[in-house]
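A short write-up of the structure that comes next.
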Amino acid sequence: MREASTTDDQAGGTVTATSSTPPSGGQPQTGPDDILEMRSITKTFPGVKALSDVTIKVRRGEVHAICGENGAGKSTLMKVLSGVYPHGTYEGDIVFEGQVARFSGINESEHAGIVIIHQELALVPYLSIAENIFLGNEVKGRGGLIDWNRANGEAGKLLRRVGLKENPTTPVGQLGVGKQQLVEIAKALTKDVKLLILDEPTAALNDNDSEHLLGLLRQLQAEGITCIIISHKLNEIISIAQSTTIIRDGRTIETLDIAAGEVTQERIIRGMVGRDLESRFPERVSDPGEEVLRVEDWTVGHATQDRLVVEGASLSVRAGEVIGIAGLMGAGRTELAMSIFGRSYGRYLGGRLYKRGQEIQTRNVREAIKHGIAYATEDRKKYGLNLIDDIKRNVSAAALDKLAGGGGLVNANEEIAVAERSRKDMNIKAPTVMSVTGKLSGGNQQKVVLSKWIFADPDVLILDEPTRGIDVGAKYEIYVIINKLVAAGKAVIVISSELPELLGICDRVYTLSQGRITGDVPIADASQERLMELMTLERVPARSGASGGATAGTSSEAPAVPGAPQQSEQSRSPISSQNPEDLA
């Protein structure tokens, strides 16, 4: 590119004005309506070319989506744009507002008006909302001291702007993920943002929080702020974005004009995976065997508060069966699963577990694993993996005794061989099992989590949000793995916030509301509407017995819902009556 002879040292980073002369190679110039153009971006890591000649244009004032499978290079591209990977560590040009930008760090990109909100939120839980909003950009008064009254006042204005009704002095750790996302956006608005980048902003949000966040993006767009959004939720992309660029294997595939109204989810998927995906869920013939696990009258108290999070829950799962657990945020799904898995959440208050008809005790995680129960957490980064260690050690972590010799030492060669088999069988995209797990994409990290528990060889595998934050292609691979597990006689329990996912892979779906099982629905009788009715029941009077041991019922406040489990002589089980009073 031919450059003008004058440069502007903007915010300490070099921003060079471009002439109207076309660059070498015939690359088109940035148009007057384009706020951003990234030209021929190539980024290489040791042994891996993450981006190869990627080009993208973003129009001023639009919401522009970036789609691609996990590992396609989406987040890497945004890190190049925001200065996380500084100029000189990549090839190609960034043209922002008509000028070539050479950011040497994230502070420079923010000063230019580019702000990125990463999938892992950069908030300090022990600091207040106001302190987080102005962290590194403190509101100072006389003598250089922080003016807390002014800071809290300004924070309050920002919270109203993003629609968050919280006191600015509230510690961020007391907020849910949805509200923390809004704090991050409020923080971005303090930096005179012109281009806001959001990486998987709704991955961990429920439907209500997601809709609020998308509404806020529309509001920011109306205020003239350009947004780039990375998301695997294609329905959200179609509803919020005006255009989308698809990246596959580190290369730009195409840019689609969503505003024209002819772009479908299937069309985006075809660009992402390179083929038509005939079905989002692999075929499986259901053939359940004997009952493997039965949970009866399971009750759990909150870890720190005087209230119940699970009350009198009963369910069962058979060999070769996939059962789902559906519920709204806060219904107690994760609390139920974690308490079954070695009472790793809350206070156990009662209930029994039966493995193939024999009562078992799982008072800790070691006992749960010993009895063949495994739990893949919804938060793989925090609880499921050691991100600073390699694939090999993560795969073997839950069953080191299987690799130990007579002296109790781990056979290192066998550990490598086991991990290598997992890498190939699970199609983990990494050059070697010595690769650091934290460097893998979300879908590949999830495969490492599954590899860990498959190596432990459990009889019951509980998967909590197994496809959260991963792309449609990686989801399909996870579903195939689940099918292989049940074909081998394993019993699988899937917790998911995506009802279409449960309907696509499960044999039965249990519904949970306010800590109580409200339904046990065979998949042939299930629909999103029916499940949602059962998930929103507010009162469930006592009634013992149900298909699979579930309890359900109705009251005058909660009319009978078709598909709620009913008692039968064949399915009757000795379950204690539930207290019909509302949960605290």
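Just checking, which of 206, 235 is surrounded by fewer than 19 Cβ atoms within 10 Å (Cβ to Cβ), in the same structural domain as residue 66 (by TED's automatic domain parsing) and in contact (Cβ under 8 Å) with a residue 60 or more places away in the chain?
Details: 235 fails: in contact (Cβ under 8 Å) with a residue 60 or more places away in the chain.
After ruling out the rest, the residue left standing is 206.
Going through the range 385-419 one residue at a time, which ones are without any contact (Cβ under 8 Å) to a residue 60 or more places away in the chain, part of a loop (DSSP other than H, G, I, E, B) and under 24 Å from the mean Cα position of the chain (by Cα)?
386, 387, 388, 389
Considering only residues that are at pLDDT below 85 and crowded, with 19+ Cβ neighbours inside 10 Å, which ones fall in the range 163-178? Spell out the reasoning first.
Kept after step one, since they are at pLDDT below 85, are these residues of the range 163-178: 176-178.
178 - this is the single residue of the range 163-178 that is at pLDDT below 85 and crowded, with 19+ Cβ neighbours inside 10 Å.
Here is a check on your reading of the model: is residue 507 over 28 Å from residue 208 (Cβ atoms) and either at pLDDT 95 or above or not assigned by TED's automatic domain parsing to the domain that holds residue 424 (or both)? Before you say what the answer is, go through the steps one by one.
Working: over 28 Å from residue 208 (Cβ atoms): yes; either at pLDDT 95 or above or not assigned by TED's automatic domain parsing to the domain that holds residue 424 (or both): yes.
Answer is yes for this residue.
Mind listing just one residue for me: the one in the range 336-352 that is surrounded by fewer than 20 Cβ atoms within 10 Å (Cβ to Cβ) and out of contact with any Asp or Glu (no Cβ under 7 Å at 6 or more places or on another chain) and, of those, farthest from residue 398 (Cα to Cα)?
349
Hand me the list of helices (runs of 4 or more DSSP H) wholly inside the range 70-148 holding 3 or more residues that are out of contact with any His (no Cβ under 8 Å at 6 or more places or on another chain) and among the hydrophobic types (A, V, I, L, M, F, W, C).
74-82, 129-133
If we scan the range 256-275, do we find a residue that is assigned to a strand (DSSP E or B), in contact (Cβ under 8 Å) with a residue 12 or more places away in the chain and farther than 30 Å from residue 461 by Cβ?
yes
If a residue counts only when it is more than 26 Å from the chain's Cα centre (by Cα) and among the charged types (D, E, K, R), which strands (runs of 3 or more DSSP E) contained entirely in the range 277-378 have at least 2 such residues?
291-301, 308-318, 347-355
In the list 99, 181, which residue meets the criterion of being assigned by TED's automatic domain parsing to the domain that holds residue 212 and either in contact (Cβ under 8 Å) with a residue 12 or more places away in the chain or buried (at least 19 other Cβ atoms within 10 Å of the Cβ) (or both)?
99
So residue 141 clears everything in (1) in the same structural domain as residue 36 (by TED's automatic domain parsing); (2) modelled with pLDDT under 90 except one condition, right? Which one?
So the condition that residue 141 fails would be (1).
Among the numbered conditions (1) of a type in the set (Val, Ile, Thr); (2) closer than 22 Å to residue 308 by Cβ; (3) at pLDDT below 85, tell me where residue 561 comes up short.
Here residue 561 clears every test but (2).
Quick check, is residue 223 modelled with pLDDT of 90 or more and loosely packed, with under 13 Cβ neighbours inside 10 Å? I'd like the intermediate steps shown before the answer.
Numbers: modelled with pLDDT of 90 or more: yes; loosely packed, with under 13 Cβ neighbours inside 10 Å: yes.
The answer is yes for residue 223.
State which residue is farthest from the chain's Cα centre (by Cα) when the search covers only the range 187-203 and only residues that are in contact (Cβ under 8 Å) with a residue 40 or more places away in the chain and over 12 Å from residue 116 (Cα atoms). Give the steps one after another, and end with the answer.
Initially, the range 187-203 is screened for residues in contact (Cβ under 8 Å) with a residue 40 or more places away in the chain, giving 187-188, 190-201, 203.
Now drop any that are not over 12 Å from residue 116 (Cα atoms), which leaves 190, 192, 203.
Values: 190: 27, 192: 29, 203: 4 Å.
Within the range 187-203, the match that is farthest from the chain's Cα centre (by Cα) is 192.
Of all residues in the range 259-314, how many are surrounded by fewer than 18 Cβ atoms within 10 Å (Cβ to Cβ), closer than 26 Å to residue 358 by Cα and of a type in the set (Ser, Thr, Tyr)?
Total meeting the criteria: 1.
Residue by residue through the range 149-176, note down the ones that are among the hydroxyl-bearing types (Ser, Thr, Tyr) and either over 25 Å from residue 330 (Cβ atoms) or assigned to a strand (DSSP E or B) (or both).
none
How many residues are over 28 Å from residue 478 (Cβ atoms) and modelled with pLDDT of 85 or more if we restrict to the range 45-63?
Going through the range 45-63 one residue at a time, the tally reaches 10.
What about residue 211, is it surrounded by fewer than 20 Cβ atoms within 10 Å (Cβ to Cβ), among the acidic types (Asp, Glu), more than 28 Å from residue 108 (Cβ to Cβ) and in contact with a Leu (Cβ under 8 Å, 6 or more places away or on another chain)?
no
The values are calculated or read from the model by the stated rules, or taken from the named source; none is laboratory data. Remember, it's a predicted structure, so these values are computed and weren't measured experimentally. As a convention, Cβ positions derive from the backbone with ideal geometry for all residues, glycine included, and neighbour counts pool all protein chains shown.
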